Each structure stands twice: as structure tokens, then as C-alpha cells.
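One structure is given here, and the rest of the page talks about it.
The values are calculated or read from the model by the stated rules, or taken from the named source; none is laboratory data. Treat the numbers as computed from the prediction; the structure is a model and nothing was measured. Positions of Cβ are backbone-derived with ideal geometry, glycine not excepted, and every protein chain shown enters the neighbour counts.
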Amino acid sequence: MRPRTLDEIVGQQHLAGPEGTLRRLMAAGHLPNLILHGPPGSGKTTLARVIATDSGASFVPFNAVSEGVPRLREVVKEAEARRRAGRRTLLFIDEIHRLNKGQQDFLLPWIESGLMTLVGATTEHPGFEINPAVLSRSTVLVLETLTEDDLRTLLRRALADAQRGLGGAGVSMDEEAEDVLVRNTGGDARQALTGAEIAARLVGPGGRITVREAREALQQPTARYDTSLMYEMLSAFHKSLRASSGSGALYWAMRMIQSGEDAKTVFRRLTAAAYEDVGLADPQAGIVCVNAMLAFERLGLPEGLLPLYNAILYVANAPKSNRAYLAGGAASQAAKEHASAPVPLALRNPTTSLMKEWGFGEGYKYAHDYEGGYVPLQTLPDVIQDARFYEPTDRGYELKIAARMRERGDPG
């Protein structure tokens, strides 16, 4: 059931559709080296084969894990022979992020020379996992997770196609069985079609696939989870907290944990959000997160999830302020721009008599000697003496901080 042309590709319309990027590249007649990034079963290998067919190139697969430089030498010799015969070569590298240095050093000159067109496939984020030398010589195309409608189209096509699918066996499928295959394969076309094939064998020619056979074929629900999706879910988790959505934050936290992510990853992001997005509007938020993490370590799973739930809901529903985060960033930028600004003399400690003669400590006022424990004092270098990095909001505990700042005439 593997598609043979761009028109047969299901999903990925942003690439293979009438105005798709890949279709326009191929129509232009100049195909660059490509990195196909997408989840398992999204059609990376299929798309590479279609590219080879449509461009009239020989499809040469190479596995970065199981094959090495000796095989690449053979590939180069074969490609040179094809070029002499007027034919092109498309080198398809599965798991291209696994290429080692020796493979890369051997391969890059031949790719640059145009002897072969490189098409690599990876489930990992190219920016994180692909060697920069390979990445800089390639165009990255992102494949999306197939939708439920896409999977239904593929399953129905497989059941109807007598030549390349299951149509010749006269097998039919209940709608509920289709739902099982669609909803429990994580957008992975390969798993959905393999499940349908196994279920068809279970019922035999002319049989009808029910929920029972569909579940038996899959054995258990599967969902993709890789580095890219982990970062996407972490982002969704943090943004849910920032948006004060406790339900959203709980959902993404549990999606990550149920996918096998270490709960410590969730706790770290939760604690970071408490200090970045709640900040001084509720100084207890960070403490709640740290204490919840300690409780999790003491309790273990599953009871350790209880303090996690509480901490997530606390941070999500706390008043929000990023003013401390912004203040730190502004101070950091000022420190970079004025890295050589001298420390004011009043703030220097006169540890020797010579330092006193130089004026170290002159004009310093000890705050505790003054009413209210406060006295105005220049604490920044002269060049930025009037800079103010922190401006509290009118939310939560920052209301009290702002009031104290006004009392002492300190704008920030």
C-alpha cells in the first residue's frame, strides 16, 4: 500500500499538495539535499521513494546504524557508474542523526559534488541532533503527525485495493474496529496498516474485523514520544501554567509521565515557571514546588504524584508576574554593556589605611542606623546610577512590595 506518486500521498498537503513545498521544488527541476523530519509512520521513507521515482533517480537506502563507510564506498562507485550512464542517484539515509564522524567525513564531499542527492530521515529535532555540516547543506522539510482522518483514508484504501492491499481477500471492518486502529496508533500509518493486516489474517479471507481482532492485532495502545515531542509537551505544559490553566497543565504533565518521561523533568519546568511567571506575586509558589519535589522523592510512585498535582494547581492558580524575571534580564544586559564600570567609592570596603586615604567607604550609610532601616544610597555605578530594573505589578504580594517602595521613595 506504499504510495507511488505525490498524488497518492495521504496527509502532508503542505509538502505534497498542489501548492506544497516539495511539489514546487520538484517542478522546478532542481532538487536540493533534504532532511525529512517527522514522527514515526508519518511517511518519510515513502516520500523519499516517491521523490526518487518522480525525479528518475535510483533509490539507494543506507542505514546509519547498521552500515558503515565500506558500504558508502560501494554506494559511491555505483553512483559514479550511474552518472556515466546518464542516471541519477538518490541516497536515502534512515536515522540520519546517527551518522558518525567517519561516515560524515567520507560522505560530505560526494554530496557537495552533486554525485548523489541526499535525503535523510529522522524523528529527532534536526537543530538538536543533526550534525551542523550535514544540516547546512540540506533543506529541512517537516512532516506532520497524520490525523485520524488521514489514517481512516489509508485503512479504507487498504481494504479496497485488491492489488496492493487487502481487497483481494474480501475482508471488511467494523467502524468500531477502525476506531481502535485509528485512535491507538499515535498517528503512525505503519502501525495502523500493520494492525489491519494482522487483524485480516486473524479473521481470514472474507472475514469481518471487529474490535476484538483490532485490539488483539495492536496488543496495546501505542503513542509516539521522542525528543521533539518531549520539548513540545514541555512547552505546552509551561504555557498552560502561564495561562493559569490548571487542567491544561495537569494534562500535559501526565501525558509526559505516561509516555515514560522522568517526573523530575516535569518538576524542573514547574519550578522554573513558578519563579519566572509567578515570581514575587506569590513567593510561596517556588517553595511549594521544591517541597513537592522533595515529597515526591520520599513517596515514590504512584503516591508521589499527589504533591505534583497540588504544586501544578498552586502555580497555575497563583497570581502572575514576570517582573522579577524581567528585572534580572535587564540587570544582566546592563552588566554586559557596562562591564568595566567602577564600584562606587561608598560601597568599597576600606580594609587598609591606604584604602581609606583613597576614599573607600566614604559616604557610606549603615541602613540600620536610620529610622525604618532605610537610607538613600547610590548602589549602581555612576554611568547607570538612575537605572531601575524592577517595577512590581499590582498583583498578589507585589502590591505590598510596591507600597514599601513608594514609602521610601524608591521607584525600583
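List of remarks:
- Filter pass, Thr123 being at pLDDT 90 or above and either under 29 Å from Leu193 (Cβ atoms) or of a type in the set (Gly, Ala, Ser) (or both): no
- Residue pairs meeting the criteria (Cβ under 9 Å; at least 6 apart or on separate chains; first closer than 29 Å to Ala192 by Cβ, in region 128-146; second buried (at least 16 other Cβ atoms within 10 Å of the Cβ) and of a type in the set (D, E, K, R)): Ile130/Glu124; Leu143/Lys44; Thr145/Asp188; Thr145/Arg224; Leu146/Asp188
- The lone exception for Thr122 - which of (1) closer than 20 Å to Ile9 by Cβ; (2) surrounded by fewer than 16 Cβ atoms within 10 Å (Cβ to Cβ); (3) in contact (Cβ under 8 Å) with a residue 60 or more places away in the chain it fails: (2)
- Residues within region 64-78 that are more than 17 Å from Lys101 (Cβ to Cβ) and either touching a helix residue (DSSP H, G or I) at 6+ places or on another chain (Cβ under 9 Å) or of a type outside the set (D, E, K, R) (or both), tallied: 3
- Any chance Gly300 is at pLDDT 95 or above and of a type in the set (Gly, Ala, Ser): no
- Those residues of region 173-195 which are of a type in the set (Val, Ile, Thr), part of a helix (DSSP H, G or I) and crowded, with 20+ Cβ neighbours inside 10 Å, in sequence order: Val180, Val182
- Unique match (being over 27 Å from Ala192 (Cβ atoms), of a type in the set (D, E, K, R), in a helix (DSSP H, G or I) and in the same structural domain as His125 (by TED's automatic domain parsing)) among Glu74, Glu67: Glu74
- The set of residues from region 33-85 being over 30 Å from Tyr231 (Cβ atoms) and charged (D, E, K, R) comprises Asp54, Arg71, Arg73, Glu74, Lys77, Glu78, Glu80, Arg82, Arg83, Arg84.
- Number of the exception - Leu241 against (1) in a helix (DSSP H, G or I); (2) in contact with a helix residue (DSSP H, G or I) (Cβ under 6 Å, 6 or more places away or on another chain); (3) closer than 30 Å to Arg2 by Cα: (3)
- Considering residues of region 333-373 that are among the aliphatic types (A, V, I, L, M) and assigned to a helix (DSSP H, G or I) only, the residue surrounded by the fewest Cβ atoms within 10 Å (Cβ to Cβ): Leu354
- A single entry from Pro61, Pro39, Pro32 fulfils the requirement of being part of a loop (DSSP other than H, G, I, E, B) and touching a strand residue (DSSP E or B) at 6+ places or on another chain (Cβ under 6 Å): Pro32.
- Looking across region 225-267, the residues that are modelled with pLDDT of 95 or more and among the basic types (Lys, Arg) come down to Lys239, Arg242.
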